[in-house]
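Enquirer: Take a look at the following structure, please.
The values are calculated or read from the model by the stated rules, or taken from the named source; none is laboratory data. Just so we're clear, the structure is a prediction, and the values are computed from it rather than from any experiment. We place every Cβ from the backbone using ideal geometry, glycine too, and count neighbours over all the protein chains shown. With ligands, DNA and RNA removed, areas are computed over all heavy atoms of the protein, side chains included. Shrake-Rupley method; radii C 1.70, N 1.55, O 1.52, S 1.80 Å.
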Amino acid sequence: MIEKVSADFVGQLYLILTTGNEDINFLCNCLRNQNHEAATNNPMNFALKLLKINIASRLPIIKNRLFCEEIGKSYLCQKYLRPAVWDLASGVLDNSHIVTDIFSSAFVLMKSREDIFALVERQTNANGFAKLRLKFDNDKRPLEHIYNQINQRLGTRVDYHLELELIKKFSIKNRYVTRLLDIACANDVEITAFVRSSYPRCFIEKMIKDCGIYVNKLIISNEDAYSSLAKHYESTAVLSSDYSYIKKFMKRGCIAVYYRPSRLMLQKVKHPKLDKKFREIYDCVCGTRLFEGMRSYSRVYELAYLCIAPAVFGYAQCLAKTNGNVAALDHSRKGGLLLSLVYDKICEHEAFPKDKPSADTVELKAYLGSENRVTEIIEKLITCGGPATCKLVDKRSNSKIPPKRLKEVFKAVMDFTADFCKYFCLSSEPNLIKGSDALALLLQGQENISKYIGN
Amino acid sequence: MVLYHVSTTYQLLFSIVHKLAYNRDEESELLMLETIRSVPERKSFLERLEKFAFFDKIRYVPERQFKLKKGMALDETSSESDILTVINNYCQAFEAWFGEDLKSFSNIYVASDQHALGVYLMKNRIPYNYMEDASGMLSEHERYRFIIRRNNLTNCIIADYLGGPGCNDMIVKKLCDLNNQRKGFYDPKAVDCSIYDTLKNVIPEKVPEILRFFGESGETVKSDKKICLFLTQDLNTLQNKDIELQELLMTLLVDYICPEYLLLIKPHPKDRWQNYRRIFPGSHILSRKTPSELIPFAVEGNIESALTISSTSIRGVNRFVNKSYYFTTEAETAPQRLNSMYVAAEILSRLGVEQGVELQNINNTQMNNFLDNVGIALSQDSDSNEVLIDGGVKRNDKIDFNAHKITVCLSLGEVISFSTNWDISNMYLIRAVYTPLEQSLMSQQEYLIILNLNSDKYKPKLNNAQYTRELKYSKVILGVSAEKIDERVRETLLQRLNTDLEWEDYHE
């Protein structure tokens, strides 16, 4: 039967099955990205899988089963696979025009807007500011007017430029989306940035320019001359991380390019029980690294990044905070070498105060043991992923890990260290990884660490 | 009547030239894969071809349609019966669409015979002539197979089953540019058919018409500066598909080879993924639809050199450029080695070396490119070699430092090129530090080179070897410094050696 069906009809059917809501769109694209050939060479089977996603996404009772992946147990980078940026671009280039909202796609905000408002309040001592700022938030009004209203209400003189500085500070370029727009630009696809924001034009233009993005037209919702959306957008793609934004343009005939935010991808995955604040940071930082889309990561790397690295980093933090005996680390052993590298990296960062001991940081240290045994323990983490009990440490492992795999583990741990240090540097709050959180992540991944990293 | 089948712009040009030169009076039909142009361009492209009337009948082959009808995807574990089923389905789909008797054609010319027509011909034992996929590709069978496999595993399995792409025994002749094949290539069925020679010598009167078809009108590029032609590649065919790495690689090579030239960029027809306007501001970008073989006919002015990472098309431009630089696929798999090689060539140039360089344990093509670029010639005979460059890819500490006036030891492998028993009395450590500027894709890197100077002729010039340079396209500052290797430095190098050796043989 399928032989009688035309390619265009198949394309239309695919569109209907994949654009129901953001979860459907995301999961269907992941399925397609996992195996391109299967989609076209075995269409019946593929269509059934799409149907299953559609049905499950619309039934609240079984919806959660769609997101049943767990950190350390599932290969998330393979499951939530973005297409290569040039592969995604090939679909966009069939259009002559692309509309994007820039802020929620080309930039990653490392803090939530509520946190930004709270920071402004803390820095200016304007009590009640954050609540009012949220209340008066309106993308059709310029930021200056919003601040005038708040200042009148509170009797303060808070400058809106502070918020702009914080937004700029906590925004990181999304390399995947900016590369996609760069490819569009190279192919003379017209780029319109339609930004729903109260921020001033000069600020938005500077952010865009600093990012290396070129847009043909910039429309901002808070301007007097803001024009309403055109009735139809022929041959236009719409790119955003906000599915509601995309839906609006799809109704006008645009092709949807939904970029699911990286932190959201990790939020939906099952975690072990973690401290709420740490989890927010963990999801944001790890999600950005693993799911941005510019690189794909192996299972070894993912396990090391998500499960081993927090333990090593946490221990190194603990050493740094409690003036631990770094000299006792055996640099000739891989575990010792790794720990000392992480320790050095942490100490490089000015944001890390060395004079303030903290009770909860010693939890991990107490669990893992003293410095002269920790090198063995860390090697054990790498080879077996098992809980570092005294019994295990006494037995020297005879396992051999290929250098290539071990180097991947090292790379993952060092990348985790760099990412967290960078985040802490931005936030000026040296949040420490609690021992219980690090151990929970380690235990979560122990079975697969043993299987895929150890022998 | 003759039939041509193509899937790329190069193959289309080849077919047009071949048809006009050797089948001028024959009625002809052209089959093109849909993918030769993107969806919005297909209709207008077909109309344009029909207008120019190189062929009497032209059609797009709906491979996407046939894909749905194959019935299943194949891989290395597929059984013979599955492969035959898919082949049958594929051929039936093609036959139903084609609607003509292939045996009625006096000659059939096929490029990319892993697609429907090729499979049909092979399965039904119909003789055909094979056209090489790209200039020089006939001698790169493994590489070609790798590309096919990457693009479409099912078609690769089918092609292998039927004898291999371009290898089936139903092939009568293999049309190719013999001058651009790999050294030592031989195929008894290969027949020389160069686009450049045919255009220049057989059908020169047709050149303006062909240029107009491909969108060029004698595009003139005039400049006081020397011109470098940079040939890009289809990302899909590269070993490393990291788009950022490819961008960095391109900018580094241009910074190394021709930083002050006018850059003339010829994008591969399928290369839509890099924004060359942004990456190389001030360069001139040719239409990607213009086959590179037409460049000498479309550009006024002398092209001093041609540069590519690993495109075989560079062999086709050798005729009209003074020098060409091809960096092999190793440039993608081990790009960091290029940095050391470049610095080594620069240092030798600054020391005043002009010739007599011997290479060992290193990619000769790449190192020779850098040496040639600074005007240093390789050694012609082994007795008069002043300089030895050892790449250290495979560790070999048996270097006779007394045999050469200068010995350059690069550490291109996993282990630093140094040894406990080396005499350091004439040794210097060169550090090349790459410091990225804002928006650079490069990270901070350092490369160590050991330089042994036996001759007093070169020691006074060592200061010249220290310099700082901005690599403008890569947005990096390169700083090169030299220091005498004393006991302290030796200890540091030995520590590094021990660490590298440990990683190489890691076990508990």
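Enquirer: Please state, to two decimals, what the Cα-based radius of gyration of segment A:128-280 comes to when divided by 2.2 N^0.38 Å (N = residues).
Expert: The reported ratio for this selection is 1.21.
Enquirer: Can I ask one more? What cysteines in chain B have no other cysteine with a beta carbon less than 4.7 Å from their beta carbon?
Expert: B:C91, B:C156, B:C167, B:C176, B:C193, B:C409
Enquirer: Moving to a separate point now. At a Cα cut-off below 17 Å, give the aspartates and glutamates reachable from A:K268, other chains included and same-chain residues fewer than 8 away excluded.
Expert: Within the straight-line limit of under 17 Å, A:K268 reaches these aspartates and glutamates: A:E22, A:D23, A:E69, A:E70, A:D242, A:E280, A:D283, A:E292, A:E302.
Enquirer: Could I ask something else about it? Which percent of the Cα-Cα distances in segment B:334-504 go past 19 Å?
Expert: Numbers: 8062 of 14535 pairs.
The calculated P(r) of segment B:334-504 puts 55 percent of pairs beyond 19 Å.
Enquirer: Looking at chain B, send over the antiparallel percent of its DSSP beta bridges, to the nearest 5. Before the final figure, lay out the partial values.
Expert: Working: 27 of 76 bridges.
About 35 percent, rounded to the nearest 5.
Enquirer: How big a patch of accessible area, both sides summed and in Å² to the nearest 100, lies buried between A and B at a 1.4 Å probe?
Expert: Numbers: alone 22420 and 22810 Å², together 41650 Å².
Buried: approximately 3600 Å² between B and A.
Enquirer: Ranked highest first by average number of other Cβ atoms within 10 Å, how do B:147-158, B:70-81 line up?
Expert: Details: B:147-158: 19.9, B:70-81: 14.1.
Highest mean packing first, the order is B:147-158, B:70-81.
Enquirer: If you don't mind, another one. Per residue, what volume in Å³ does the convex hull of the Cα atoms of segment B:35-146 enclose?
Expert: In segment B:35-146, the Cα hull volume divided by residue count equals 147 Å³.
Enquirer: Please state the Cα pair-distance histogram of segment B:2-212 with 10 angstrom bins from zero: what percent is in each bin?
Expert: 8, 34, 37, 18, 3, 0
Enquirer: Just order B:46-52, A:82-88 by mean Cβ neighbour count inside 10 Å, highest at the front, would you?
Expert: Details: B:46-52: 13.1, A:82-88: 19.7.
Ranked by mean Cβ neighbours within 10 Å, highest first: A:82-88, B:46-52.
Enquirer: While we're on this one: So how tilted is helix B:39-52 from the main axis of chain B? Cα-based, degrees 0 to 90, rounded to 10.
Expert: 70 degrees
Enquirer: Using the C-alpha gyration tensor of chain B, what are the square roots of 5 times its eigenvalues, in whole angstrom, with the largest one first?
Expert: On the way: eigenvalues 471, 140, 82 Å².
Values for chain B, descending: 49, 26, 20 Å.
Enquirer: Kindly write out, for segment A:189-195 in residue order, the coupling ³J(HN,Hα) from the Karplus curve 6.51 cos²θ - 1.76 cosθ + 1.60 (θ = phi - 60°), rounded to whole Hz, with x marking Gly and Pro.
Expert: 7, 6, 10, 10, 9, 10, 9
Enquirer: Report Rg(Cα)/(2.2 N^0.38 Å) for segment A:132-210, keeping two decimals.
Expert: Dividing the Cα radius of gyration by 2.2 N^0.38 Å gives 1.36.
Enquirer: Compute, for B:M442, the solvent-accessible surface of its heavy atoms (probe 1.4 Å) with the complete set of protein chains present, and express it in square angstrom to the nearest 10.
Expert: Roll a 1.4 Å probe over it and B:M442 shows about 10 Å².
Enquirer: Quick check on packing: order B:126-132, A:120-126 by the mean number of other C-beta atoms within 10 Å, highest mean leading. Present the calculation step by step, with values, prior to reporting the outcome.
Expert: Values: B:126-132: 21.0, A:120-126: 15.4.
Those peptides, ordered most packed to least, come out B:126-132, A:120-126.
Enquirer: What's the angle, to the nearest 10 degrees (0 to 90), between helix B:243-257's Cα axis and the longest principal axis of chain B?
Expert: Roughly 60 degrees between the two axes.
Enquirer: Here's another thing I want to ask about it. Treating segment A:113-169 as a set of equal point scatterers at the Cα positions, no solvent, please give the Debye-formula log₁₀ I(q)/I(0) at q = 0.29 Å⁻¹.
Expert: -1.45
Enquirer: Given the protein chains as shown and a 1.4 Å probe, how many square angstrom of B:H115 are accessible, to the nearest 10?
Expert: Rounded to the nearest 10, the figure is 40 Å².
Enquirer: Just to be sure I understand: of the beta bridges DSSP finds with both ends in the protein assembly as shown, what percent are antiparallel, rounded to 5?
Expert: Numbers: 30 of 96 bridges.
The antiparallel fraction comes to roughly 30 percent.
Enquirer: What three numbers, in Å, describe the spread of the alpha carbons of the protein assembly as shown along their principal axes, ordered from the longest?
Expert: So the three principal-axis extents are 91, 80, 60 Å.
Enquirer: Where does segment B:297-381 land on the Kirkwood hydrodynamic radius, alpha-carbon pairs, in angstrom?
Expert: Working: mean 1/r = 0.0714 Å⁻¹.
It works out to 14.0 Å.
Enquirer: Right, here's the next one. If you count, for every residue in A:178-188, the Cβ atoms of partner chains within 10 Å of its Cβ, what is the mean?
Expert: 4
Enquirer: Averaged across the residues of B:272-279, what count of C-beta atoms belonging to other chains lies within 10 Å of each residue's C-beta?
Expert: That average works out to 6.
Enquirer: Here is a follow-up. For segment B:89-95, take each phi angle, set θ = phi - 60°, evaluate the Karplus expression 6.51 cos²θ - 1.76 cosθ + 1.60, and give the result in whole Hz per residue in order, putting x for glycine and proline.
Expert: Per residue, the Karplus-derived 3J(HN,Hα) values read 4, 4, 5, 5, 4, 5, 4 Hz.
Enquirer: Could you compute the net charge surrounding A:Y452? Neighbours are other residues with a C-beta less than 14 Å from the C-beta of A:Y452; K and R count +1, D and E count -1. Working shown, then result.
Expert: On the way: positive: A:K73, A:R299, A:K404, A:R405, A:K451; negative: A:E302, A:E408, A:E447.
That sum, taken over residues with Cβ under 14 Å, equals +2.
Enquirer: Do any of A:K168/A:K422; B:K222/B:K266; B:K19/B:K57; A:K345/B:K484; A:K169/B:K241 go past 20 Å between their Cα atoms, and which?
Expert: Values: A:K168/A:K422 15 Å; B:K222/B:K266 16 Å; B:K19/B:K57 13 Å; A:K345/B:K484 30 Å; A:K169/B:K241 32 Å.
Checking Cα-Cα distances, A:K345/B:K484; A:K169/B:K241 exceed 20 Å.
Enquirer: Moving to a separate point now. Quick one: in segment A:69-182, what % of C-alpha pairs are over 25 Å apart? Present the calculation step by step, with values, prior to reporting the outcome.
Expert: Numbers: 2889 of 6441 pairs.
Beyond 25 Å sits 45 percent of the P(r) for segment A:69-182.
Enquirer: Could you do me a favour and compute the accessible area per residue for segment B:2-212, 1.4 Å probe, result in Å²?
Expert: Roughly 42 Å² per residue, with all protein chains present.
Enquirer: Using Cα-Cα distances under 8 Å and only pairs 6 or more residues apart, what relative contact order does segment B:298-370 have, in percent? Please list the in-between numbers first.
Expert: Numbers: 59 pairs, mean separation 21.0, N = 73.
Rounded, it is 29 percent for segment B:298-370.
Enquirer: Have a look at B:L294, B:Q246, B:N373 and report the one farthest towards the positive end of the charge dipole of chain B, computed about the Cα centre with Cβ charges (Lys/Arg +1, Asp/Glu -1).
Expert: Among B:L294, B:Q246, B:N373, the one farthest towards the positive end of the dipole of chain B is B:L294.
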